[in-house]
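Worksheet: the structure to be examined is printed underneath.
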Amino acid sequence: MSDEASYAVGIDLGTTHCALSYVDLDLSEGEEVAQHTLAIPQVVTPGNIEGRELLPSFLYLPATGELGEGALTLPWDESPSFGVGEVARALGAKTPIRVVSSAKSWLCHGGVDRLAPILPSHAPDEVTKVSPLQASILYLEHLRDAWNDKHPDAPLDEQDVVITVPASFDPAARELTAEAARDAGLDNLVLLEEPQAALYSWIQGTDGTWRDQVEVGDVILVVDVGGGTTDLSLMAVSEREGALELHRVAVGDHILLGGDNMDLALAVSVRAKIEQESDKTLDAWQLGALTHACRAAKESLLGDPDLESVPIVVPSRGRKLIGGSIRSELTRAEVEQLLVEGFFPECASGDRPKHRARVGLTQLGLPYAQDAAVTRHLAAFLAKQLGATEDVEGFTPKLPEDATFLHPTAILFNGGVFESALLEERVAAQINAWLEADGGEPARVLEGGSLGLAVARGAAYYGYVRRGEGVRIRGGTAQAYYVGVEAAMPAVPGMEPPITAICIAPFGIEEGTRCEPAAQELGLVVGEPVSFRFFGSSVRRDDQVGTVLERWSADELEELPEIQATLPAEGKTPGDVVPVRLQAGVTEVGVLELEAIPREGDDRWKVELDVRAGETQ
Amino acid sequence: MSDDQAPSFFARLLLAWVAYFRTIFDAEFAAGVVRLRDGQPALPPPKDEPEEAPKKKKKKKKKPKPAPVLKEAGPGAALQLLGLLQREGRFIDFMEEELADASDEDIGAAARVVHEGCKKALEEHFTIEPIHASEEGETVKVEEGYDAHSIRLTGNVVGEPPFEGELTHRGWKCSEVELPKMSEKHDPSILAPAEVELA
């Protein structure tokens, strides 16, 4: 936190769009909060600049001379060599090989080198490429410059900045997000999980009445389905010294499944219909236009129960609009079939997402969710987190003894997908059906979230309450972390030596705290990078530093990208093995930090989270 | 300045547009703007005339009636709007089409594209609202001192207000315009660039 800060700024660095909201600290007191959203100046078409609340997370890398002089001029930059925002999305629709999209999903993709220029992912060699990290830096720099342009007396690097990340982001992706922010010059930074930001936004929206709307023992399920990801979190309501407290007790897996998949599913289905009925075929741009039209048609159909179908027209690319346009329609039955049954099918609370066998070991594309059913992911999450509230102090669970999954008592929806009340109702009805079958009470829906900008608004509000002006959600890390060590046993041909996992960071470490180093020593080789396997668990809440696991089920521990340490050779003989202990902590920013401490001396070496998996060897 | 001389919103928009460029490129004009900002008359006092000049002017009689100043809208904003309507709603494409041989069904399909896009462009850049709150067909009152710019009397126009009559059109008023800013090198006369797809 900076004492000079005049504003608490919240940045939603989203998969499909970014937004920036801010609280004027001098004009805010208690629950009277002076909050605004920045109209972000951006090029919308070459040469035309507009301020919009959303900055599409797209980056266009034009060829030399492709665009006329001044085409990408911004109020703060005469001739940028790339376009960010609406212009990138618009140009990219016609020239997909030069547009970077979904950089955030790549930032969290453990199977690729996230520092290597790999985006746009399908571009030919002639196209200049950027790394997922660079793309994120450029978006943040655009937001920074937009802010500074409007607030020349209060530059962004002097303000308190909160950037949101999916709750399911792994430690490496969080570290990369913080690195991108540092690179953009934002030093007064903290990270906040998006579902928490959504809950903060809801709290703020209740004007102080949230305390009457929840009670001790409540378990709030936040279902956040954005453009590209589905993010789940559970918050428990407890009591301490007579005041209500909120604890984020669990977060879901990283699920690459969002509103964009849904719109694309509709478009692909309508395209099939068009191509069947006529001999016309659609090119990539027309599919984009069709997706756009389907999104609008979907919103009309889901918003008006009397509407049976909405006509869809895909304009021709040439000037001949009459006769050249392709007509079709989207019917209510199709939307219900494809969206409601495809993405939110009714299922039992015991159902689990389906996994297809992976083809090949490495993946070049994004690891999209293999099962599109949000409801099945939800069922798996609630069952996995049955014990999530056991250790919360001051919490009186309402859970029946023989419950098979954790019973939420309230649901908060977030993300553009839930603009349609029908989908919200479907998810709520599904959860309540599970609850009834499991002997629980129905959950209520917390109303009043502002879906599109809630995350940015909640983040700015969090920046404000961090200064001691309101309720804070307690959480800490949502996983316990383990380093994998080969067991010392005689080698058996054809059998991999078994791995034991040593806990180096327990569940729920809060920002700005360090753990004791684990007693077990590991050997580092002087002058050589040494890698260790690294695991996280979102369910083992009781393990302490030093706990050793000899075996575990696939549900319990998830393997993360490796961690790596290199001991500098100064003053030592290269090749020597130095015994070290590992110490974990969480920085003030909210990033996991690992250090290696030798048996003797005061040295400490940083242990890196590997973000370069998939690096060409 | 009395009310009837106050320029309309669009005239002010245009004036601001023209003044903006002249301030940049015309040093004399800019000097006038500076004087206006400082609360002085825009034109400098003529150097060779003595201080009493204003008094003399008052004595001068029978100035010929000045020719009315007619406003001329510059092309910039208009071209920008055309480009916007073409981009969002394929407006130029549609207007340049020959409708004689087209079926109503095909025209209807194209009209959906034009309507949806142009509506979006209008909503994004203009705040447009009806002038009269009553429903068309209702009998409405026109009070004394009504604004003749925003209410047009038709039919049997005799006598003095207040009047009573049937509202035949609610009228439209644009309360806010927010056109995109343009980069200096941007040529707004290109309404839509030709597109060449490379295989």
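The values are calculated or read from the model by the stated rules, or taken from the named source; none is laboratory data. Only a predicted model underlies this, so the values are computations on that prediction, with no experimental measurement involved. All Cβ positions, even for glycine, are placed from backbone atoms using ideal geometry, and neighbour counts span all protein chains on display.
If we scan the range B:145-152, do we find a residue that is farther than 30 Å from A:I322 by Cβ, hydroxyl-bearing (S, T, Y) and surrounded by 13 or more Cβ atoms within 10 Å (Cβ to Cβ)? Full working, then the answer.
To start, the set of residues in the range B:145-152 that are farther than 30 Å from A:I322 by Cβ comprises B:145-152.
Cutting the leftovers down to hydroxyl-bearing (S, T, Y) gives us B:146, B:150.
From what's left, surrounded by 13 or more Cβ atoms within 10 Å (Cβ to Cβ): B:146.
Checked against the condition, which is being farther than 30 Å from A:I322 by Cβ, hydroxyl-bearing (S, T, Y) and surrounded by 13 or more Cβ atoms within 10 Å (Cβ to Cβ), the range B:145-152 yields at least one hit.
Tally up the residues in the range A:311-353 that are touching a Leu at 6+ places or on another chain (Cβ under 6 Å), more than 10 Å from every other protein chain (Cβ to nearest Cβ) and more than 18 Å from A:G259 (Cβ to Cβ), please.
1
Within the range A:206-228, is even one residue of a type in the set (G, A, S), surrounded by 23 or more Cβ atoms within 10 Å (Cβ to Cβ) and under 20 Å from A:I509 (Cα atoms)?
No: zero hits.
Of the residues B:A110, B:A148, which is on the phi < 0 side of the Ramachandran plot and either within 14 Å of chain A (Cβ to nearest Cβ) or in contact with a strand residue (DSSP E or B) (Cβ under 9 Å, 6 or more places away or on another chain) (or both)? So that I can check it myself, show each step before the final result.
Details: B:A148 fails: either within 14 Å of chain A (Cβ to nearest Cβ) or in contact with a strand residue (DSSP E or B) (Cβ under 9 Å, 6 or more places away or on another chain) (or both).
It is B:A110.
Conditions (1) in a helix (DSSP H, G or I); (2) at pLDDT below 90, marked per residue:
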site: A:D260; (1), (2): yes, yes
site: A:L266; (1), (2): yes, no
site: A:L301; (1), (2): yes, yes
site: A:P305; (1), (2): no, yes
site: A:K320; (1), (2): no, yes
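Does A:L412 satisfy being closer than 26 Å to A:P305 by Cβ and surrounded by 17 or more Cβ atoms within 10 Å (Cβ to Cβ)?
Working: closer than 26 Å to A:P305 by Cβ: yes; surrounded by 17 or more Cβ atoms within 10 Å (Cβ to Cβ): yes.
Yes, satisfied.
Give me a count of the residues in the range B:153-188 that are surrounded by 11 or more Cβ atoms within 10 Å (Cβ to Cβ), more than 14 Å from chain A (Cβ to nearest Cβ) and either under 18 Å from A:E50 (Cβ atoms) or without any contact (Cβ under 8 Å) to a residue 12 or more places away in the chain (or both).
The total comes to 1.
For residues in the range B:161-178 being modelled with pLDDT of 90 or more and assigned to a loop (DSSP other than H, G, I, E, B), which is nearest to B:L122 (Cα to Cα)?
Narrowing the range B:161-178 to residues modelled with pLDDT of 90 or more: B:162-178.
Okay, now just the ones that are also assigned to a loop (DSSP other than H, G, I, E, B), so B:162, B:167-171, B:178.
Working: B:P162: 35, B:L167: 25, B:T168: 24, B:H169: 20, B:R170: 18, B:G171: 16, B:E178: 10 Å.
Looking at the filtered set, the residue picked out is B:E178.
Residues that are assigned to a loop (DSSP other than H, G, I, E, B), free of Cβ contacts under 8 Å to residues at least 24 places away in the same chain and within 30 Å of A:E511 (Cβ to Cβ): does the range A:588-601 have at least one?
Of the range A:588-601, the ones assigned to a loop (DSSP other than H, G, I, E, B) are A:588-591, A:599-601.
Still in the list and also free of Cβ contacts under 8 Å to residues at least 24 places away in the same chain: A:600-601.
From the residues that got through so far, the ones that are within 30 Å of A:E511 (Cβ to Cβ) too are A:601.
Checked the range A:588-601: at least one residue is assigned to a loop (DSSP other than H, G, I, E, B), free of Cβ contacts under 8 Å to residues at least 24 places away in the same chain and within 30 Å of A:E511 (Cβ to Cβ).
Residues in the range A:64-72: is at least one surrounded by 18 or more Cβ atoms within 10 Å (Cβ to Cβ) and either polar (S, T, N, Q) or within 22 Å of A:K150 (Cβ to Cβ) (or both)? Talk me through it step by step, then tell me what you get.
Step one: list which residues in the range A:64-72 are surrounded by 18 or more Cβ atoms within 10 Å (Cβ to Cβ), which gives A:67, A:71-72.
Those still in the list that are either polar (S, T, N, Q) or within 22 Å of A:K150 (Cβ to Cβ) (or both) too: A:72.
Within the range A:64-72, one or more residues are surrounded by 18 or more Cβ atoms within 10 Å (Cβ to Cβ) and either polar (S, T, N, Q) or within 22 Å of A:K150 (Cβ to Cβ) (or both).
Of all residues being farther than 16 Å from A:Y368 by Cα and surrounded by fewer than 19 Cβ atoms within 10 Å (Cβ to Cβ) in the range A:107-122, which is farthest from the chain's Cα centre (by Cα)? Just the residue, please. Walk me through how you get there before you give the answer.
Pass one, the range A:107-122, residues farther than 16 Å from A:Y368 by Cα: A:113-120, A:122.
Right, trim to surrounded by fewer than 19 Cβ atoms within 10 Å (Cβ to Cβ) and you get A:113, A:115-117, A:122.
Numbers: A:D113: 19, A:L115: 19, A:A116: 21, A:P117: 21, A:H122: 23 Å.
Out of the qualifying residues, it is A:H122.
From the set of residues in the range A:579-615 that are modelled with pLDDT of 85 or more and β-branched (V, I, T), which is farthest from A:E175 (Cα to Cα)?
A:V580
Being outside any loop (DSSP other than H, G, I, E, B), touching a residue at least 24 places away in the same chain (Cβ under 8 Å) and of a type in the set (V, I, T): is that true of A:V112 here? Full working, then the answer.
Details: outside any loop (DSSP other than H, G, I, E, B): no; touching a residue at least 24 places away in the same chain (Cβ under 8 Å): yes; of a type in the set (V, I, T): yes.
When the stated conditions are applied, A:V112 does not pass them.
Every residue, every condition in (1) in contact with a Gly (Cβ under 8 Å, 6 or more places away or on another chain); (2) assigned to a loop (DSSP other than H, G, I, E, B); (3) touching a residue at least 24 places away in the same chain (Cβ under 8 Å), yes or no:
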site	(1), (2), (3)
A:E496	no, yes, no
A:A501	yes, no, yes
A:I509	yes, yes, yes
A:R541	yes, yes, yes
A:Q564	no, no, yes
A:T573	no, yes, yes
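Let me confirm something: among A:S278, A:S300, A:S269, which residue is surrounded by fewer than 22 Cβ atoms within 10 Å (Cβ to Cβ), touching a residue at least 12 places away in the same chain (Cβ under 8 Å) and within 14 Å of another protein chain (Cβ to nearest Cβ)?
A:S278
Of these, A:A519, A:A505, A:A456, which one is in contact (Cβ under 8 Å) with a residue 60 or more places away in the chain, assigned by TED's automatic domain parsing to the domain that holds A:A596 and under 28 Å from the mean Cα position of the chain (by Cα)? Outline the logic, then answer.
Values: A:A519 fails: under 28 Å from the mean Cα position of the chain (by Cα); A:A456 fails: assigned by TED's automatic domain parsing to the domain that holds A:A596.
Result: A:A505 is the single residue among A:A519, A:A505, A:A456 that is in contact (Cβ under 8 Å) with a residue 60 or more places away in the chain, assigned by TED's automatic domain parsing to the domain that holds A:A596 and under 28 Å from the mean Cα position of the chain (by Cα).
Any idea how many residues of the range A:21-69 are within 14 Å of another protein chain (Cβ to nearest Cβ), closer than 25 Å to A:G452 by Cα and in contact with a strand residue (DSSP E or B) (Cβ under 7 Å, 6 or more places away or on another chain)?
Of the range A:21-69, the ones within 14 Å of another protein chain (Cβ to nearest Cβ) are A:39-54, A:62-63, A:65-69.
After this cut, where a residue has to be closer than 25 Å to A:G452 by Cα as well, the list is A:39-45, A:48-54.
Keeping just the survivors that are in contact with a strand residue (DSSP E or B) (Cβ under 7 Å, 6 or more places away or on another chain) gives A:39-44, A:48-54.
So the answer is 13.
From the list A:G288, A:G228, which one is within 27 Å of the chain's Cα centre (by Cα) and over 29 Å from A:L412 (Cβ atoms)? First the steps, then the outcome.
Details: A:G228 fails: over 29 Å from A:L412 (Cβ atoms).
Exactly one of A:G288, A:G228 is within 27 Å of the chain's Cα centre (by Cα) and over 29 Å from A:L412 (Cβ atoms), namely A:G288.
Residue under question is A:A250, and the condition is that it be buried (at least 20 other Cβ atoms within 10 Å of the Cβ), more than 14 Å from chain B (Cβ to nearest Cβ), outside any helix (DSSP H, G or I) and within 27 Å of the chain's Cα centre (by Cα); does it hold?
Values: buried (at least 20 other Cβ atoms within 10 Å of the Cβ): yes; more than 14 Å from chain B (Cβ to nearest Cβ): yes; outside any helix (DSSP H, G or I): yes; within 27 Å of the chain's Cα centre (by Cα): yes.
Yes; evaluated as a whole, the condition is true for this residue.
Within the range A:543-593, how many residues are of a type in the set (S, T, Y) and either more than 32 Å from the chain's Cα centre (by Cα) or not assigned by TED's automatic domain parsing to the domain that holds A:V485 (or both)? Lay out the reasoning, then the answer.
Within the range A:543-593, the subset of a type in the set (S, T, Y) is A:547, A:553, A:566, A:573, A:587.
Okay, now just the ones that are also either more than 32 Å from the chain's Cα centre (by Cα) or not assigned by TED's automatic domain parsing to the domain that holds A:V485 (or both), so A:573.
Residues flagged as of a type in the set (S, T, Y) and either more than 32 Å from the chain's Cα centre (by Cα) or not assigned by TED's automatic domain parsing to the domain that holds A:V485 (or both) within the range A:543-593 amount to 1.
Run down A:F381, A:F343 and say which single residue is in contact with a Gly (Cβ under 6 Å, 6 or more places away or on another chain) and among the hydrophobic types (A, V, I, L, M, F, W, C). Step through it out loud before you land on a result.
Numbers: A:F343 fails: in contact with a Gly (Cβ under 6 Å, 6 or more places away or on another chain).
None of the other options fit; the residue is A:F381.
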